[in-house]
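One structure is given below, encoded as structure tokens.
The values are calculated or read from the model by the stated rules, or taken from the named source; none is laboratory data. Values in this document were obtained by computation on a predicted structure and should not be read as measured data. Positions of Cβ are generated from backbone atoms using ideal geometry, with glycine treated the same way; all protein chains shown enter the neighbour counts. Just the protein is used for accessible areas: all its heavy atoms, side chains included, with ligands, DNA and RNA removed. Shrake-Rupley method; radii C 1.70, N 1.55, O 1.52, S 1.80 Å.
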Amino acid sequence: MKTRIIQTRFWSDGYVSRLKPEGKLVFLYYLTNERVNIIHCYECPDSYVLNETGVSKAALRGLKATFERDGKILFYKDYVRLINAGKYETYSGNNES
């Protein structure tokens, strides 16, 4: 099983803090789902996101457009490319930073 470490300051990030609850959930989902890999480019069909988050198809469509417009996540067919995913994935040996 893979492990993702998301720093607690994720929630106070300027971008994340402006998202509505559904947006925060889906954004976090794209960062932490089991298909994420080290290069942050992976296959993730909408059906997986819909099933695993419970958001509506219309909400997901709108959120994906927002994430793309804001330069956070790129989508191509069933593929996802996380633009700055490493921002909260620093593994310097200190979990407190």
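Could you size up the charge dipole of the chain around its Cα centre, putting +1 on the beta carbon of Lys and Arg and -1 on that of Asp and Glu, and report it in debye to the nearest 20? Before the final figure, lay out the partial values.
On the way: 15 positive and 11 negative charges, 49 e Å.
About 240 debye.
Accessible area per residue for the chain in Å², computed with a 1.4 Å probe and the full protein assembly in place, what is it? Provide the component values of the computation, followed by the final result.
Working: 6340 Å² over 97 residues.
Computed with neighbouring chains in place, this is 65 Å² per residue.
Ignoring ligands, DNA and RNA, what percent of the 1.4 Å accessible area of the chain is carbon and sulfur?
Working: 3380 of 6340 Å².
Carbon and sulfur together cover 53 percent of it.
Check the chain and count each lysine pair with an alpha-carbon distance under 13 angstrom, considering only pairs eight or more places apart or from different chains. Each step should come with its number before you reach the end.
Values: K24/K64; K24/K72; K64/K72; K64/K77; K72/K87.
For the chain, the number of qualifying lysine pairs is 5.
Would you mind computing Rg(Cα) / (2.2 N^0.38 Å) for the chain, counting N as its residues?
Values: Rg = 13.2 Å, N = 97, 2.2 N^0.38 = 12.5 Å.
Normalised Cα radius of gyration, the chain: 1.05.
Using DSSP loop states and a limit of at most 14 other Cβ atoms within 10 Å to flag trypsin sites (Lys or Arg not before Pro), what is the longest stretch of the chain containing no flagged site? Before the final figure, lay out the partial values.
Working: sites that count: K2, R4, R35, K77.
The longest uninterrupted stretch comes out as 36-76.
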